[in-house]
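Note sheet for the following structure.
The values are calculated or read from the model by the stated rules, or taken from the named source; none is laboratory data. Quick caveat, the model's predicted, so the values are computed rather than measured. All Cβ positions, glycine included, derive from the backbone under ideal geometry; neighbour counts span all protein chains shown. Just so you know, the surface numbers come from the protein's heavy atoms only, side chains and all, with ligands and any DNA or RNA stripped out. Shrake-Rupley method; radii C 1.70, N 1.55, O 1.52, S 1.80 Å.
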Amino acid sequence: MSLTIRELVFAYPGQPAVLTIEELRVEAGQMVAITGPSGSGKTTLLQLIGGLLHPQQGGVEGGPPFESIRWVFQTPTILGRRTVLDNLLLGLHQRRWDQSRADLAAGQALVATGMDQLADRPAGSLSGGEIQRLQIARALVGRPSLVLADEPTGQLDRTNTERVVASLAALRTSDSTVIVATHDPLVADACHRRFELRNGVAVEV
Amino acid sequence: MWRLSVVIKEIGANLIAERWRAVVIAVITAAATTSVVATELDQVRRAVAADAELKSAGRYVYVAWTEGADTPVNPTRCLALRHNQAVLAAGGYTHGGPVSVAKAPGELFGARMMVGDMPALLAPHNPPSPGQVYISQTAAARVGLADGRTVLLGGGLGNARVSVVDMSARVPDPGPWVWIPAAPGEKLDECWVEVVPAADQVAQPAITAWLSQGERTVIVTRFLAEDPLRTDPVTVFAARSTRYAWAASGVIVGVVVWLIIWFRRSEMALYRTVGSSRGQTTLIFVLPYMALMVVGTLGGLLLGIYIHGLGAEPTATSLVAARTSLVAASRQSFLTLSIGILIALGGTLLTLGGSIAGHIRNRL
């Protein structure tokens, strides 16, 4: 699934425009990094792509329906007392997958993110890096059309950042289109393309 | 939207995973209910016991008399009050001459010729055994008379079987009287009437009007003198400081459950992002806790009853107290539960309020 952001202008109420993007096209299956300093509008752009915010002008063409988007949150968002495997299966229940198919997909996602040894651990007992990898695995497991990840390494040290980047590689090779908002060069380097937000304008670097 | 089977499966899985929180909710609900129930049981029993004691002392008894000896109370009208549904007992007496007891030379008693329900009015809880004359325990002890004995009485009364009566509940100082059953005569010095509690407010004017026929001017007073220091148990119970304990307990339980759910709001956001609707998410989080609150309430009710007990002696008073207490405690437990559930449910809906976009934005 490819998507195009065209002639998009967005401003928060009573403030000057945060984003002014002429055109930004992301091809199907690509993993794209959105970089820029804090406050440059990275998270805002993800919210616009995900349909959580609505621009004053222009828009996102070709974006999937909301149900087909999976999110990797900056803040740990897990079922802490359920197992890692339960957390992965949660995203599959509403799709009416049978148990064996769901188990197989969850197993593949766990192996791809290096979490296969932790499948039966309560998610609440994981470290910060492991939780981010769990969120990436959860984004992988349902083969969504679009994955939106917001600062997946924002609160991690170097070692854990490297592990998460290795997990992101699994997203990179999936069929899903992935857009990652980050200020971490390691994450940006793991992507196919990189756009930097400068004064609200997206520039490919 | 999720299928119902998925929602039910999630409720079960969450309940197992969150079992310690579940235990906390059940225990807090049970503890709150137990404290409400035990307090209520105690208050109800105290009120019923105090009311029974007052009733036994003659709270609902009225005494009618006249000032002029030439216009005495009409005995026929006094006894006719017994046919009124609001009257529990009615009877009266006239003063007779002095009576001596052969067994106790030198002791003089006054005769009181009684009609109607006077034995029951004198000793409401210990009806005397049938006798030819009645004498109080105090007087009998002083002259050494035993219940059932036949003694020779002076004053032309001859031999008579004595019934010793415990009058202490209503007549603390019964005096040297011998109460003698008699046929209704021309007059009564006093007419005693005990009414049902529901008729208490209207009893005094009604009895006065009934007995004050013709030229008589009958004065009707309460048997128990007005005592400004005496408190009405029913009024005391109605004004008890713990009467809103059910609301306080319900608020505590509801807020605790809400807080537990509030700390799981990131999980709620997660459910919303994977397709669960607001209603389904509410069900997943609140339904198991509601069930635990019901279990806790039932457990707390039973525990409160067990701890406090319902009355060791199967007397009429304790049985009334037990029945009243059970009804009151059950009602308060239900109210506590209702308040708790309303707050927990309202809090959850408030936590889940706003759009799904808002929930996701909060995680980004």
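Show me you know the interface measure: the accessible area buried between B and A, both chains summed, probe 1.4 Å, in Å² to the nearest 100. Could you put the intermediate results ahead of the total?
Details: alone 18820 and 9820 Å², together 26280 Å².
Interface area, both chains combined: 2400 Å², rounded to the nearest 100.
Among the aspartates and glutamates, which have Cα under 18 Å from the Cα of B:LYS103 when same-chain residues fewer than 8 positions away are ignored?
Excluding near neighbours in sequence, the set is B:ASP147.
Per residue, what volume in Å³ does the Cα convex hull of segment B:61-223 take up?
Numbers: hull volume 18.4 nm³, N = 163.
Cα-based convex hull of segment B:61-223, divided per residue, equals 113 Å³.
So what are the ³J(HN,Hα) numbers for segment B:35-47, from phi and the Karplus equation (6.51, -1.76, 1.60; θ = phi - 60°), rounded to whole Hz, Gly and Pro as x?
Working through the residues one at a time gives 5, 5, 5, 5, 5, 5, 4, 5, 5, 5, 5, 4, 5 Hz.
Please report the relative contact order for segment B:61-223, taking Cα pairs under 8 Å with a sequence separation of at least 6, and give it as a percent rounded to a whole number. Walk me through the intermediate numbers first.
Working: 343 pairs, mean separation 61.0, N = 163.
Once normalised by length, the contact order is 37 percent.
Once you keep just the Cα pairs under 8 angstrom separated by 6 or more residues, what percentage relative contact order results for chain B? Don't skip to the end; give the middle numbers.
Details: 579 pairs, mean separation 107.9, N = 364.
In percent, rounded to a whole number, it is 30.
Heavy-atom accessible surface, probe 1.4 Å, ligands and DNA/RNA ignored: which residues of segment A:23-57 lose at least 50 Å² versus the isolated chain?
A:LEU52
For segment A:1-100, state which trypsin sites (Lys or Arg not before Pro) are in a DSSP loop and have at most 15 other beta carbons lying within 10 Å of their beta carbon. Walk me through the numbers on the way to the answer.
On the way: sites: A:ARG6, A:ARG25, A:LYS42, A:ARG70, A:ARG81, A:ARG82, A:ARG95, A:ARG96; in loops: A:ARG81, A:ARG82, A:ARG95, A:ARG96.
Within segment A:1-100, the qualifying trypsin sites (Lys or Arg not before Pro) (loop, at most 15 other Cβ atoms within 10 Å) are A:ARG95, A:ARG96.
Is there a quick way to get the dipole size of the protein assembly as shown? I mean about its Cα centre, with the Cβ of Lys and Arg at +1 and of Asp and Glu at -1; what is the value in debye to the nearest 20? Don't jump to the answer; show the numbers that get you there.
Working: 49 positive and 45 negative charges, 185 e Å.
Dipole about the Cα centre, nearest 20: 880 debye.
Enumerate the aspartates and glutamates that B:LYS9 could reach by cross-link, defined here as Cα to Cα under 15 Å, with residues fewer than 8 away along the same chain left out.
A:ASP86, A:ASP98, B:GLU18
Quick one: ranking B:TYR306, B:TYR244, B:TYR134 by accessible area, 1.4 Å probe, largest first, what do you get? Please list the in-between numbers first.
Working: B:TYR306 185, B:TYR244 140, B:TYR134 25 Å².
In descending accessible area the options line up as B:TYR306, B:TYR244, B:TYR134.
Residues of segment A:69-114 losing 50 Å² or more of accessible area relative to the isolated chain, 1.4 Å probe, heavy atoms only?
Buried by 50 Å² or more upon assembly, which counts only protein chains, are A:PHE73, A:THR77, A:LEU79, A:ARG81, A:ARG82, A:LEU90, A:HIS93, A:GLN94, A:ARG96.
Counting only heavy atoms of the protein chains, get the accessible area per residue of the protein assembly as shown (1.4 Å probe) and round it to a whole Å² value.
On the way: 26280 Å² over 569 residues.
Normalised by residue count, the accessible surface of the protein assembly as shown is 46 Å².
Which Cα, out of B:GLN201, B:LEU153, B:GLY185, lies furthest along the positive dipole direction of segment B:61-223 (beta carbon charges, K/R +1, D/E -1)?
Farthest towards the positive pole: B:LEU153.
Using θ = phi - 60° and the Karplus relation 6.51 cos²θ - 1.76 cosθ + 1.60, list the HN-Hα couplings for segment B:49-55 in order, rounded to whole Hz, with x at every Gly or Pro.
5, 5, 5, 5, 5, 5, 5
Sticking with the crude label model, points 7 Å out along Cα→Cβ, report the distance from B:ALA80 to A:HIS192 in nm, one decimal please.
With each label placed 7 Å out from Cα toward Cβ, I get 11.1 nm.
Taking Cα pairs under 8 Å and at least six residues apart, what relative contact order does chain A come out at, in percent? Working shown, then result.
Details: 430 pairs, mean separation 65.3, N = 205.
This gives 32 percent for chain A.
Find how many whole Å separate the alpha carbon centroid of segment B:205-254 from the alpha carbon centroid of segment A:129-180.
Cα centres, segment A:129-180 to segment B:205-254: 75 Å.
If I build a Gaussian network model for chain A, linking alpha-carbon pairs within less than 10 angstrom, which residue out of A:LEU146, A:LEU19, A:LEU53 has the largest mean-square fluctuation?
Maximum fluctuation in the GNM of chain A, among the listed residues, is at A:LEU53.
How many percent of Cα pairs in the protein assembly as shown exceed 46 Å? Walk me through the intermediate numbers first.
Working: 78659 of 161596 pairs.
Summing the P(r) of the protein assembly as shown above 46 Å gives 49 percent of all pairs.
Considering only A:THR35, A:THR182, A:THR20, give the residue with the highest GNM mean-square fluctuation for chain A, with springs between Cα atoms whenever their separation is below 10 Å.
Taking springs between Cα atoms under 10 Å, the residue moving most is A:THR20.
Just how much of A:TRP97 is accessible, in Å², when a 1.4 Å probe is used and the result is rounded to the nearest 10?
Surface accessible to solvent at A:TRP97 totals approximately 50 Å².
Tell me which aspartates and glutamates have Cα within less than 12 Å of B:LYS187's Cα, excluding those fewer than 8 residues away on the same chain?
B:ASP70
Any chance you could look up the accessible area of B:HIS308 with a 1.4 Å probe, heavy atoms only, rounded to 10 Å²?
The accessible area of B:HIS308 comes to roughly 50 Å².
Expressed as a whole percentage, what fraction of the accessible surface of the protein assembly as shown belongs to carbon and sulfur atoms when a 1.4 Å probe is rolled over the protein heavy atoms? Don't skip to the end; give the middle numbers.
Working: 15180 of 26280 Å².
The nonpolar share, carbon plus sulfur, comes to 58 percent.
Given 10 Å bins starting at zero, what is the percent of C-alpha pairs of segment B:1-134 in each, up to the one with the largest pair distance?
The percentages, shortest bin first, are 9, 19, 19, 12, 9, 8, 9, 8, 5, 2, 0.
Roughly how many Å² of B:GLU53 are accessible to a 1.4 Å probe, to the nearest 10?
130 Å²
Considering protein heavy atoms only and a 1.4 Å probe radius, which residues within segment B:250-271 exhibit an accessible-area decrease of no less than 50 Å² in the full assembly relative to the chain by itself?
By number: B:LEU270.
With charges only on Cβ, +1 for K and R and -1 for D and E, what is the dipole size of chain B about its Cα centre, in debye, rounded to 20?
Working: 30 positive and 24 negative charges, 429 e Å.
Around 2060 debye, computed over chain B.
Select from B:PRO184, B:PRO105, B:PRO72 the residue whose mean-square fluctuation is largest in a Gaussian network model of chain B (Cα-Cα springs shorter than 10 Å).
Between B:PRO184, B:PRO105, B:PRO72, it is B:PRO105 that shows the largest mean-square fluctuation.
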